Amino acid sequence: MAYTYKYPHPAVAADCVVFAHKQGEAPMVLLIERNNEPCKGQWAFPGGFMNIDETADDAARRELREETGLAVVDIHQIGAFTTVDRDPRERVLSVAFWTDVEGMPEVCGGDDARRARWFPLTELPPLAFDHAEILRRALYLKEKGVG
């Protein structure tokens, strides 16, 4: 299908916040180290651009699997993140999701992620883009039992 637009339009991305719970340990969150610019070498949530033939939740699951090897079924929408300058490449809107997993499944960097790693919520590195805001909103919704 061909598309022609008179007006510029944004790209759409999907990001996925994954929380892990291991009995007796602090909650963990999954991050990937970016292998490409922008923000090369910085830590971020797994995510990327939505393909034209998929939904945002399908894109979030696909990007999570491609970048970490982790496959999940149940994800909950956090919301849309639309700050104009959130990505220096172009105008990008992101629909973010969160999920919980039991234990800490093995993960490994793939696709455009140099590596994937679990971090304690209390010891996070600085996050790329607006991912600190995405995390704040995910934690709020998780605490309220939304999703």
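The values are calculated or read from the model by the stated rules, or taken from the named source; none is laboratory data. Keep in mind it's a predicted model, so treat the numbers as computed, not measured. So basically every Cβ, Gly included, is an ideal-geometry build from the backbone, and we count neighbours across all protein chains shown. Ligands, DNA and RNA are stripped out before the accessible areas are found, and what is left, the full protein with its side chains, is counted by its heavy atoms. Shrake-Rupley method; radii C 1.70, N 1.55, O 1.52, S 1.80 Å.
General observations
- In the assembled protein chains, Arg86 presents an accessible area of approximately 20 Å² (probe radius 1.4 Å).
- Within the full protein context, the accessible area of Cys108 is estimated at about 80 Å² for a probe radius of 1.4 Å.
- Against the chain, whose longest principal axis comes from its Cα atoms, helix 131-144 is set at around 60 degrees.
- Pairwise FRET efficiency - Thr4 versus Arg137, Cβ, R0 = 30 Å, nearest 0.05: 0.25
- Neighbour-limited loop hits for chymotrypsin sites (Phe, Trp or Tyr not before Pro), the stretch 1-95 (at most 15 other Cβ within 10 Å; DSSP other than H, G, I, E, B): Tyr3, Tyr5
- Within the stretch 1-58, the GluC sites (Glu not before Pro) that combine a DSSP coil assignment with at most 13 other C-beta atoms in a 10 angstrom radius are Glu25, Glu54.
- Proximal lysines relative to Lys22, as straight alpha-carbon distance under 26 Å, when same-chain residues fewer than 8 apart are discounted: Lys142, Lys144
- Antiparallel DSSP beta bridges within the chain, percent to nearest 5: 60 percent
- Relative to the dominant Cα principal axis of the chain, helix 56-68 is inclined by about 60°.
- Mean Cβ count within 10 Å, highest first, over the residues of peptides 97-103, 123-129: 97-103, 123-129
- Potential lengthening of the chain between Cys108 and Asp85 amounts to 5.3 nm, from the contour at 0.36 nm per residue minus the alpha-carbon distance.
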